[in-house]
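Single-structure report; data block below.
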């Protein structure tokens, strides 16, 4: 049992100790974290701070008064503060009453995208930075008056940004600005159609071959995992899901224990835009998943996420970056040189191999869960044998 310390919030210390155990922290780490929290609570008591007054600023003030605090104290107190807020002991921070004009406009546009357009948080994450960049570039420190903006202002900004972003980011940028100007006109902030001043981006979807691995390289990649270790079994299972079902990195991150129907042998995949699909679980994938659950996944963790970090705090992956990192490390272990090193490499490899074995584009699109046929058509270029039959012979000198 963890040692108890005196604190003005003793009942919360017990629940916090249990929370640390669930997150997989070692006994010595738990004791150190509880000591930090107890010291902080005693400091609050000496200064007669009430629980409702505790927030990040109070934590910063405490750390500033204690020059000998450890490197992890800030993180520990952040975890403690979050536990207090979840328990309802400490109120969650309110939005600043003195919201800047830029922040307010950005927030209102974000609410419009979610409520009126039904878009996801991921779309907001891609859109809002471009809107903020335009407003900061055009107005700088002046008050934001959108009625003053004209088409040349928009075009000058875009010409400036085109030198700093790639083609895919350019497409996101023009889409975000076009949507922002439509929002402003819908709300009555502007009367002219600034959205039409945002030029379209030329996109040649079939200009580049999708990067993929040969089937033997995919096998070598997966076999590089040391399945006798806990981390190796986890990574082996994860790579199989990417390679055999063509899951996206974000779909792997979002996978939960409740998404697996063992009796039906199916997996629920939560994809883009809230879409859900049920996929059959191949026998080798199902075996790997069951082995990971029995031997590789930490047993004493409260998260329902299927894949869990190996180190405390024992939670699901924070983002798709973790999945791409696992793929990159496997490529390095297997000695495979590839211009692409992310999780999407295995998705492309699955589609390419299916095409080579005679699958139709419609079948590939069904497995990859593409909404549009055009999305799958990029793989038509991979079937070089079929393409050669369609190509006209080069004319001889006499025929020219």
Residues (closer than 21 Å to residue 337 by Cβ, touching a helix residue (DSSP H, G or I) at 6+ places or on another chain (Cβ under 6 Å) and surrounded by fewer than 23 Cβ atoms within 10 Å (Cβ to Cβ)) located in region 223-256: 224
Tally of residues being touching a helix residue (DSSP H, G or I) at 6+ places or on another chain (Cβ under 8 Å) and loosely packed, with under 15 Cβ neighbours inside 10 Å across region 163-185: 1
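For (1) in a helix (DSSP H, G or I); (2) over 17 Å from the mean Cα position of the chain (by Cα); (3) on the phi > 0 side of the Ramachandran plot, each residue gets a yes or a no:
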| position | (1), (2), (3) |
| --- | --- |
| 333 | yes, yes, no |
| 337 | no, yes, no |
| 341 | no, no, no |
| 351 | yes, yes, no |
| 359 | no, yes, no |
| 364 | yes, yes, no |
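Out of all the residues in region 90-108, is one or more under 30 Å from residue 22 (Cβ atoms) and either surrounded by 14 or more Cβ atoms within 10 Å (Cβ to Cβ) or at pLDDT 85 or above (or both)?
yes
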Residue match in region 292-300 (condition: outside any loop (DSSP other than H, G, I, E, B), in contact with a strand residue (DSSP E or B) (Cβ under 6 Å, 6 or more places away or on another chain) and in the same structural domain as residue 333 (by TED's automatic domain parsing)): no
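For region 308-331, name all the residues that are assigned to a loop (DSSP other than H, G, I, E, B) and either touching a helix residue (DSSP H, G or I) at 6+ places or on another chain (Cβ under 9 Å) or assigned by TED's automatic domain parsing to the domain that holds residue 29 (or both).
Of everything in region 308-331, those that are assigned to a loop (DSSP other than H, G, I, E, B) and either touching a helix residue (DSSP H, G or I) at 6+ places or on another chain (Cβ under 9 Å) or assigned by TED's automatic domain parsing to the domain that holds residue 29 (or both) turn out to be 309, 310, 312, 313, 314, 317, 318, 319.
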Unique match (being exposed (fewer than 15 other Cβ atoms within 10 Å of the Cβ), farther than 19 Å from residue 223 by Cβ and at pLDDT below 80) among 321, 385: 385
Subset of region 257-291 [closer than 30 Å to residue 24 by Cα, in a helix (DSSP H, G or I) and out of contact with any helix residue (DSSP H, G or I) (no Cβ under 9 Å at 6 or more places or on another chain)]: 258, 259, 286, 287, 290
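The values are calculated or read from the model by the stated rules, or taken from the named source; none is laboratory data. Keep in mind it's a predicted model, so treat the numbers as computed, not measured. Glycine also receives a Cβ, built like all others from the backbone with ideal geometry; neighbour counts cover every protein chain displayed.
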